[in-house]
1. Output the direction-averaged projected area (hull surface divided by four) of the convex hull of the alpha-carbon atoms of segment 117-286, in nm².
2. Below 8 Å, C-alpha to C-alpha, sequence gap of six or more: please give me the relative contact order for segment 1-97 in percent.
3. Taking a quarter of the surface of the Cα convex hull of segment 58-137, what do you get in nm²?
4. Would you mind ranking 96, 265, 247 by Cβ crowding within 10 Å, fewest neighbours first?
5. So if R0 is 22 Å, what FRET efficiency would residue 211 and residue 116 give, r being the distance between their Cβ atoms, rounded to the nearest 0.05?
6. How high is the relative contact order of the chain, in percent, counting Cα pairs under 8 Å that sit 6 or more residues apart?
7. Provide 92, 16 in ascending order of the number of other Cβ atoms located within 10 Å of each residue's Cβ, fewest first.
8. R0 = 35 Å: FRET efficiency of residue 280 with residue 100, Cβ-based, nearest 0.05?
C-alpha cells in the first residue's frame, strides 16, 4: 500500500476512535484490510453527519454538503486530496461499493439540514433508510455479500438501529430544535410536538416511545429472520452491531424510556463483550 493511502486510512481510524461509536466495537474483530475499509466508510459518513449536527460548524452547511458530494465523486475517480476521500477511493474500488448508496446517505443529511417534517411513520422509515440502512448496505457489500436477501437484511437492520437512535436521542434532538417522532404518532397519544421540543415528558410520551420501540423490535426480528444462513460467517460484524443496539433498546425499555435525559450509552467494555458474543455465536437478545 502506498504511504499516502496508508496515512489516509490511519486518519480514518482516528476519526472512528474519537467518535466513541458502537461501530468500532462491532467491527474490531474483522481482518485488518476490511476493517480499514470500514473505517473509511464510517469516516465519510461521520463527517457528512457532522455537517448537519456539529454546532461548531460555522460555514454554510448546504455548501459544505455540496462540497462533500464533490469529494465523493473525486474519491470514485481516484482524484481526492482529502485523507478521507483518498482512503475511501481505495476502499470503494477494492470492494466495488456502489456510489448511489453514498448519494442516498447524503440525501438523508440534506433532509436534516432542511428540517423536513416527519409526518407519518413512513417518513421516519425513509429517513432511517437514508442515514442508516445505506451504511448497512455498504457494510454487507464490503463483507462480500451480494444476494438480495443480504441487502434486505442490511436495510431492515439499519432501520431498527436508527429507530433505536431516535428513541435514545429524543432529549438531545429536542435541545437542538429537532423532532424525529412522527406527528401522527404524537397525535394518536395526545402529545404535542411543542411539549417534546420543550423536553416535557409524561406517560403519554412514554406510550409514543414504547410504540416506536415495538416497531424497532419488530425490525430487529425481521432482520434476524432475513439473515442468509450461507452468509452468516461473513456477517458476524453486522450481527455484532445489531446485537449492541438491540441491547440498548432493551435497556431503554427497562428504564422506562428516560429519553428526555442525557442519551443512554452502553459502556465500551459492555459493547465489546456483546460484539465478541456475536462473533462467537453466543450472544443473546435482551
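1. Working: hull surface 37.6 nm².
Value for segment 117-286: 9.4 nm².
2. Working: 82 pairs, mean separation 34.3, N = 97.
Averaging sequence separation for qualifying contacts and normalising by length gives 35 percent for segment 1-97.
3. Working: hull surface 23.2 nm².
So the mean shadow area of the Cα hull is 5.8 nm².
4. 96, 265, 247
5. Details: r = 21 Å, r/R0 = 0.97.
Given R0 = 22 Å and the Cβ-Cβ separation, E is 0.55.
6. Details: 371 pairs, mean separation 56.0, N = 286.
Taking the mean separation of contacting Cα pairs over the length of the chain, I get 20 percent.
7. Working: 92 24, 16 20.
Ranked by crowding around the Cβ, least crowded first: 16, 92.
8. On the way: r = 35 Å, r/R0 = 1.00.
Calculated transfer efficiency: 0.50.
Every read-out reported here was derived from the displayed coordinates using simple, explicitly stated rules and does not represent laboratory data. None of these values were measured; they are calculated from a predicted model. No Cβ is skipped: glycine too gets one built from the backbone with ideal geometry, and neighbour counts run over all protein chains shown.
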